[in-house]
Amino acid sequence: MILSVVLLHVKRGDESQFLLEVGVNTPIAEIIQKVSQIYNARLKVQRLCCELSEMAEHGVMLPPEMQGLTEEQVQELGLRDEYGERCVPSGGAHYRKDEIGRRNGQAPSKKMQEVIKTTVDEATALVSKKQVLANVCVTEDVAQEAIHMLRGAVTIVYPMGLPPYEPVRAELENHEDLGGLQAGVEVIPEKEARLWWAGKELEAGKTLKDYVGPNEKTKAIVKLQKSGQGPPAREPVVSEEEKKQMMLHAHRRQQELQRLEEDDSNSYLGAAWADMYSLKRQFQDLHSALTKDGLAKAVGQLVHQPKSLRADQ
């Protein structure tokens, strides 16, 4: 028996997040769980990629008590980066100062930097919002695969491990502290996640079929919200892409009408009565005709003169 499926286009506000394929008989509670897990896993991948890009440029994180201090202040206070001395990247390090003062400046070698950057690009592509445009679904397994790839890159570049206060390590070990950060605001805990469709909140006690019907291959746009945030803005009747196409068509039509109007207003220029050089040419033609007639008359008179007169002349 072939189960009917629904393609969910998950949005946060007006921004597309990912596509998810589920059966029409799937309980809403299970769908909310899947959507929130994928959404939060994608955020984790983004945070990891951001921190790993910084790590590739400036090495591991400094101890919290050393962050933001100048070298003179560190010496005066007698502070020491013990983990930074142990956590040396494979192939050695070269110094590249972190102007923000978060990382120790012991950047990996060019080869190891390339390992990190390539993996970051691949992981980002797996969970990218562009997958929506490509009509590719993102699952929890795909998001976990991206995290696994990033963990592998860290192991290759830092075989001795990372400091316990390193955000990358905290993310990989799932004990990140996002309190007071914008990243923490973006996360939606599973218990607080709510899904909305067509202006209605999907109730956990129902199935998807209760809302979209039994139709196979249905596509529905659902919006993810935190509980207590109220209903999200409804989807516009005309999509952004359709709006762009309509504006482009209207602009082209306006240009065409303007061109036709200009052609109509200038069409008289081809008429004989509108030719400003017409009178001049008439005088030139008359003068030419008179000149030719006079010359012909003179030649005729010369021809008919007696030979004696022509000889005298």
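The table below gives the values:
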{"item": "Protection-proxy order for peptides 241-248, 203-210, 167-174, each taking the mean of Cβ atoms within 10 Å per residue, highest first", "result": "167-174, 203-210, 241-248"}
{"item": "Built amide H within the under 5 Å cut-off of E176, gap 5+", "result": "none"}
{"item": "Over the stretch 33-172 - Rg/Rh using Cα atoms and the Kirkwood inverse-distance radius", "result": "1.04"}
{"item": "Nearest-10 value in Å² for the accessible area of Y83, using the 1.4 Å probe", "result": "80"}
{"item": "Under Karplus coefficients 6.51, -1.76 and 1.60, residue-wise ³J(HN,Hα) of the stretch 193-206 in Hz, glycine/proline x", "result": "6, 9, 10, 10, 9, 6, x, 10, 7, 6, 7, 4, x, 10"}
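The values are calculated or read from the model by the stated rules, or taken from the named source; none is laboratory data. No experiment lies behind these values; they were computed from the predicted model shown. Quick reminder, even Gly has a Cβ in these numbers, built from the backbone with ideal geometry, and neighbours come from all protein chains shown. When the accessible area is computed, the model is the full protein with side chains, heavy atoms only, and any ligands, DNA or RNA have been set aside. Shrake-Rupley method; radii C 1.70, N 1.55, O 1.52, S 1.80 Å.
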